[in-house]
Amino acid sequence: MSADRPAKGLGMGLQALLGEAARPAPALAADDAQATRGGIREIDIARIKPNPNQPRVQFDEDALDELAESIRQRGVLQPILLKPHGEDYLIVAGERRWRAAQRARLHSIPAIVREIDDSATAELALIENIQRQDLNPLEEAEGYRQLIQRHGHTQDDIGRIVHKSRSHISNLLRLLELPEFVRQSLLQGDISMGHARAVATADDPEELTRQIVARGLSVRQAEERARREKRRPGPGADIGRASARNAAKAADADLDALERQLGDILGLKVQVTHKGQGGNVTLHYSSLDQLDMICQRLSGEPI
């Protein structure tokens, strides 16, 4: 599993935050942990607690079983990150490895212990989930909201931390304003982020969501239904010209939908131009970290 392999993008994010917000924890007693090279210790799994503000609320059971089997065969190849919590420890990054290690029936797990403040803990947990295994869009949005409300970050700050565009952050935050039924459908995977953005413009988002789930509507179909009630033909309009304009708008709408879909996947601004049988796809990045993320996705390397 890639979750046990060093991740280049994640490493840069963790290093940047740890350099500012973390310092080594006090030395632990011999019965608490066994120090090893590089500050890595074997920590008793029973003394490790999950982070209550973990952005991920759903864990894929099959993926955890697969990771647990990998740990049985090879051990935990990358330590988790902890911070002291009373007499125990709180997970900052690596909850999936901790859960999988429990399934593999390990009694201890390699870990790095650091004194990290609450703001950096929230940032690190969010970064790890985004860069290791994609969060559900609603979980990602909730993580961003916590960074804004609890720790005073702006959307621009968050974009720099997680290497995503500001528009991506804004679009995700809007998902939190959707009705409960729509949000639950998104959380459970019944609809995609593209569907959610389409129903957000509908007069009755919940009803349109029910139609998407029941009829298996595509994002493009959902967007068309959301727009349908808003379209009214003007009096005395030329039918031929109107048809041509409508056809052009339909083509533009298809490209817009494609740009949004690709943008949702990458978290970046995407531009698609099409002419005849060919065209161009342009990805806009604002930092070398974002370029690194694009290269890793295109090459198939773990992020």
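Every number in this text was worked out from the coordinates using simple rules, so none of it is lab data. All of these numbers come straight from a predicted model, not from anything done at the bench. Because the Cβ atoms are built from the backbone with ideal geometry, glycine has one as well, and the counts that use them run over all protein chains shown.
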Of the peptides 110-122, 142-154, how do they stack up when ordered by the mean number of other Cβ atoms within 10 Å, highest first? 110-122, 142-154
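Given the Cα-Cα distance of Ser119 and Asp256 and 0.36 nm per residue of separation, how much length would full extension add, in nm?
That works out to 45.7 nm of additional length.
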Roughly speaking, what is the stretch gain from Arg228 to Glu207, that is 0.36 nm per residue apart minus the C-alpha to C-alpha distance, in nm to one decimal? 6.1 nm
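So, by mean Cβ neighbours within 10 angstrom, what's the order for 197-205, 176-184, 93-101 with the highest one leading?
93-101, 197-205, 176-184
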In the range 54-91, whose amide N lies under 18 Å from the spot 7 Å out along Cα-to-Cβ of His151? List them in ranges. 54-57, 81-85, 90-91
For the range 201-207, Karplus-derived ³J(HN,Hα) couplings (6.51, -1.76, 1.60; θ = phi - 60°; whole Hz; x for glycine and proline) come out as 9, 7, 5, 10, x, 5, 5
